[in-house]
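Please read the structure below before turning to the comments.
The values are calculated or read from the model by the stated rules, or taken from the named source; none is laboratory data. All values reported here derive from a predicted model rather than from experimental measurement. Here the Cβ is made from the backbone with ideal geometry for all residues, glycine too, and neighbour counts use every protein chain on show. Accessible surface is based on the protein model in full, side chains and every heavy atom, while ligands, DNA and RNA are left aside. Shrake-Rupley method; radii C 1.70, N 1.55, O 1.52, S 1.80 Å.
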Amino acid sequence: MPHLLTLCGSLRQGSTNRALLQALAHLAPAGLPVLHYEGIGELPLFNPDLSDTPPAAVRDLHAAVAAADGLLIACPEYARGIPGAFKNALDWLVASEQFPGKPVALFNASPRASEAQAALRLVLLTMSARIVESASVTVNLLSKGMTAADIVAEPGLAEVLRCALGHFQHDLKEARES
Ligand SMILES: Cc1cc2nc3c(=O)[nH]c(=O)nc-3n(C[C@H](O)[C@H](O)[C@H](O)COP(=O)(O)O)c2cc1C
């Protein structure tokens with residue numbers, strides 16, 4: 001069944017990026033369910049020596065990404081860069097045969113986090129992801145303490161996210177038909 005997979009760059013319980021991804025799951029169009037990958041904190045540190053025989057947690061990540069029709073990514077900025085835990089997950093995915101060409105919608109929960117977003121774009125493009133620009137949006141959730149339910153209930157915000165998901169769905173359909 002076609003579905004999207006979220007990858008959250010924050011491990012924090014009250015993460016704004018996770019709330020955003022959870023809101024996206026509620027706002028997703030019918031027929032395009034959103035699953036959440038929550039194993040980033042369980043991944044071992046990347047070691048190329050283990051690439052041929054990856055640990056179970058890494059195999060689970062590869063399988064989840066391979067099965068998804070597209071990825072929804074939201075990641076905070078730490079010290080003007082990508083958080084180490086998230087970069088670690090991406091490093092494990094470099095060896096995944098199914099990653100190149102994977103459609104990605106890149107969400108940013110903080111207009112201030114421009115340097116991490118730029119770094120993330122560079123890394124994802126280096127990994128040959130296909131970033132869908134029309135589905136990649138920045139919203140301002142910084143310091144607002146909004147839950148997923150709060151985001152869904154905020155009409156302006158919900159509309160921006162619904163629209164981004166619509167563009168992503170349209171792009172996936174076009175890519176399937178081409
Ligand atoms: C160690 C650390 C470093 C941070 N560095 C930056 C930074 O360089 N630029 C920035 O805009 N925000 C920075 N922040 C703020 C976080 O990006 C912000 O709190 C964000 O909401 C965290 O994402 P989350 O709510 O999904 O956990 C930093 C936060 C922490 C804990």
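Computed quantities for the displayed model
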{"read-out": "Of the criteria (1) open to solvent by 40 Å² or more (accessible area, probe 1.4 Å); (2) within 15 Å of the chain's Cα centre (by Cα); (3) not charged (D, E, K, R), which one Ala68 fails", "value": "(1)"}
{"read-out": "Breaking point among (1) open to solvent by less than 40 Å² (accessible area, probe 1.4 Å); (2) under 26 Å from Gly41 (Cα atoms), for Ser128", "value": "(1)"}
{"read-out": "Filter result for the condition that a residue is of a type in the set (Phe, Trp, Tyr), in contact (Cβ under 8 Å) with a residue 60 or more places away in the chain and open to solvent by less than 20 Å² (accessible area, probe 1.4 Å), over Phe107, Phe99", "value": "Phe107"}
{"read-out": "Identity of the residue in region 76-87, touching a residue at least 12 places away in the same chain (Cβ under 8 Å) and not in a helix (DSSP H, G or I), that ends up most open to solvent (accessible area, probe 1.4 Å)", "value": "Arg80"}
{"read-out": "Unmet requirement for Ala63, which otherwise passes all of (1) hydrophobic (A, V, I, L, M, F, W, C); (2) more than 16 Å from the ligand (Cβ to nearest atom); (3) in contact (Cβ under 8 Å) with a residue 12 or more places away in the chain", "value": "(3)"}
{"read-out": "Residues of region 1-47 classified as assigned to a strand (DSSP E or B), open to solvent by 50 Å² or more (accessible area, probe 1.4 Å) and closer than 13 Å to Gly70 by Cβ, total", "value": "1"}
{"read-out": "Helices (runs of 4 or more DSSP H) enclosed by region 88-178 - at least 3 residues per element that are within 16 Å of the ligand (Cβ to nearest atom) and under 27 Å from His62 (Cβ atoms)", "value": "114-126"}
{"read-out": "Whichever residue in region 48-60 is in a helix (DSSP H, G or I) and open to solvent by 50 Å² or more (accessible area, probe 1.4 Å) and, among such residues, is nearest to the ligand (Cβ to nearest atom)", "value": "Asp60"}
